[in-house]
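Here the structure comes first, spelled out in structure tokens, and everything after it is commentary.
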Amino acid sequence: MSTKATKTPSRFGYASGLACRECGQACDLGAQSACAECFGPLEVSYDLPPLTRASIEAGPQTIWRYASLLPVPPDIAATPNTEPGCTRLVRADNLARALGMRALWVKDERGNPTHSFKDRVVAVALAAAVEMGFTVLACPSTGNLANAVAAAAARAGIRSIVLVPADLEQQKILGTAIYGGTLVTVDGSYDDVNRLACELADEHEDWAFVNVNVRPYYAEGSKTIGYEIAEDLGWRLPRQVVVPVAAGAKLVKIDNAFREFVALGLFPDADVTVYGAQASGCAPVSAAFAAGHDVVQPVRPDTIAKSLAIGNPADGPYVLDVVRRTGGAVADAPDAEIVDAIGLLAATEGIFGETAVGVTIAVLRRLLAAGQIDPDEETVIINSGDGLKTLNAVAGVASVPEPIRATMAEFTRVYEARR
């Protein structure tokens with residue numbers, strides 16, 4: 001949401017206020033996420049400055065090259081932060097051939113500091129939280145966010161408090177604990193953890209829960225994925241993009257980024273069809289899309305794709321708005337297909353992605369089979385994080401062979417048997 005600049009940047013850059021997505025009510029920038037009039041979700045509004053491709057390209061090789069489009073201080077690049085962004089856009093010709101597609105790209109978010117896209121959203125939330133005087137960075141998480149919050153707080157020299165479901169992948173739990181903050185495991189689902197976090201945010205006014213009381217700022221970080229896709233393609237947009245859906249903000253903000261670049265005159269149009277991907281064991285948005293509903297009914301997650309296991313997605317209705325407006329769809333795939341898709345990406349492109357990319361590729365396959373996505377149009381898919389964080393999901397298919405004796409005869413026997 002933006003207009004042309006009418007002022008110089010403030011401590012929140014060119015962000016001018018917050019506005020309700022439902023009723024449009026405007027309010028001042030601050031630590032709030034719900035409208036006082038209708039309780040709808042708030043998002044950041046801007047008075048954007050003139051920008052050129054050259055001015056963006058002259059920026060740092062981090063998300064701060066887009067600082068003018070984010071609610072962060074103008075000098076944010078000089079402050080201690082994890083400096084996420086500028087991840088690879090990989091042309092996936094081998095995977096494209098396997099799927100029967102003409103042109104396919106993978107936006108590979110493993111290159112971020114804690115190996116997922118969550119470093120982007122946390123960096124923006126942290127910058128805003130510091131400006132608002134918060135002394136603790138906190139979150140409820142399905143794993144990747146926990147890693148990102150703990151790391152960003154350590155880098156900034158402030159405390160972190162992270163709450164996660166106790167049955168989370170061990171790699172993600174250890175990957176949070178190593179940063180030395182307060183880690184709490186909760187016996188329950190992510191939605192249970194999120195409810196507890198909301199209660200804690202009400203009780204502790206100096207705790208910034210990145211996806212609760214400073215959520216409007218946090219969500220803006222996902223726009224940088226969309227900005228980078230456009231820049232990496234040579235200042236143009238793909239015709240199709242497939243995005244994994246958990247809470248849904250990433251999909252919504254990527255679409256927002258495309259439209260912002262068009263509004264700024266950086267390229268002529270944003271004719272991109274947007275698709276959402278969910279695991280069948282947690283597919284409330286997919287179910288609403290298939291039924292033609294505008295309301296997303298909560299579900300209890302039961303899937304190996306724990307990073308997407310949010311049964312009551314906050315941005316679910318807005319995901320539906322985006323995919324319907326662009327002519328896309330939201331679909332889902334079962335766990336067995338998710339695991340197979342992780343292996344396919346690894347075997348064809350040398351990219352070991354976590355379960356969320358397995359969901360994305362498995363859904364892409366289903367959309368292709370159903371004729372809902374055009375195999376001849378240039379397509380980008382998002383790999384949200386690193387497969388090393390979700391090793392258990394592939395343990396059954398990536399088996400380790402028994403050792404052999406160090407002899408040529410033994411090697412030949414095994415090699416010939418596996419050819």
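Details
- Count of region 393-419 residues which are assigned to a loop (DSSP other than H, G, I, E, B) and closer than 30 Å to Leu368 by Cβ: 5
- Looking across Ala291, Ala249, Ala257, Ala263, one residue alone is of a type in the set (Gly, Ala, Ser) and farther than 29 Å from Glu57 by Cα. It is Ala291.
- Tallying residues that are under 20 Å from Ala67 (Cβ atoms) and of a type in the set (A, V, I, L, M, F, W, C) within region 250-261 yields 4.
- Exclusive hit being within 20 Å of Thr303 (Cα to Cα) and out of contact with any helix residue (DSSP H, G or I) (no Cβ under 7 Å at 6 or more places or on another chain), set Asp187, Asp202: Asp187
- Hits in region 205-240 (condition: within 20 Å of Asn312 (Cβ to Cβ) and touching a helix residue (DSSP H, G or I) at 6+ places or on another chain (Cβ under 6 Å)): Phe209, Val210, Asn211, Val212, Asn213, Val214, Tyr218, Ala219, Ser222
- All conditions but one from (1) under 26 Å from Leu99 (Cβ atoms); (2) surrounded by 12 or more Cβ atoms within 10 Å (Cβ to Cβ) apply to Phe411; the one that does not is (1).
- Among the helices (runs of 4 or more DSSP H) confined to region 90-168, the ones with at least 3 residues that are among the hydrophobic types (A, V, I, L, M, F, W, C) and under 17 Å from Gly353 (Cβ atoms) are located at 93-99.
- Lone qualifier among Ala230, Ala208, Ala263 - being aliphatic (A, V, I, L, M), touching a Leu at 6+ places or on another chain (Cβ under 9 Å) and modelled with pLDDT under 95: Ala263
- Region 41-55, residues that are under 22 Å from the mean Cα position of the chain (by Cα) and not hydroxyl-bearing (Ser, Thr, Tyr): Pro41, Leu42, Glu43, Val44
- Candidate set from region 378-392 (those that are of a type in the set (A, V, I, L, M) and part of a helix (DSSP H, G or I)); member that is farthest from Lys306 (Cα to Cα): Leu388
- Region 88-112, residues that are open to solvent by less than 10 Å² (accessible area, probe 1.4 Å) and not hydrophobic (A, V, I, L, M, F, W, C): Lys107, Asp108, Glu109, Asn112
- Selection of helices (runs of 4 or more DSSP H) fully inside region 210-269 by the criterion of at least 3 residues being over 17 Å from Asp119 (Cβ atoms), open to solvent by 10 Å² or more (accessible area, probe 1.4 Å) and among the aliphatic types (A, V, I, L, M) returns 249-263.
- Whenever a residue of region 346-362 is within 18 Å of Ala395 (Cβ to Cβ) and modelled with pLDDT of 95 or more, its partners that are open to solvent by 40 Å² or more (accessible area, probe 1.4 Å) and not in a helix (DSSP H, G or I), lying with C-beta atoms within less than 7 angstrom and at least six residues away or across chains, give the pairs Ala346/Phe352; Thr355/Ile304.
- Restricting Ala283, Ala279 to those that are small (Gly, Ala, Ser) and open to solvent by 10 Å² or more (accessible area, probe 1.4 Å) reduces the list to Ala283.
- Selected residue [assigned to a helix (DSSP H, G or I), open to solvent by 10 Å² or more (accessible area, probe 1.4 Å) and within 16 Å of Gln278 (Cα to Cα)] from Ala362, Ala346, Ala336, Ala331: Ala336
- Residue satisfying condition, being at pLDDT below 95 and among the acidic types (Asp, Glu), within set Glu402, Glu337, Glu377: Glu402
- Test result for Arg325, without any contact (Cβ under 8 Å) to a residue 24 or more places away in the chain, closer than 24 Å to Cys282 by Cα, in contact with an Asp or Glu (Cβ under 9 Å, 6 or more places away or on another chain) and open to solvent by 50 Å² or more (accessible area, probe 1.4 Å): yes
- Considering region 301-322, the residues that are of a type in the set (A, V, I, L, M) and open to solvent by 40 Å² or more (accessible area, probe 1.4 Å) include one that is farthest from the chain's Cα centre (by Cα), namely Ile304.
The values are calculated or read from the model by the stated rules, or taken from the named source; none is laboratory data. Treat the numbers as computed from the prediction; the structure is a model and nothing was measured. Note that each Cβ is placed from the backbone with ideal geometry, even for glycine, and that neighbours are counted across all protein chains shown. These area figures cover heavy atoms from the full protein model, side chains too; ligands, DNA and RNA do not enter into them. Shrake-Rupley method; radii C 1.70, N 1.55, O 1.52, S 1.80 Å.
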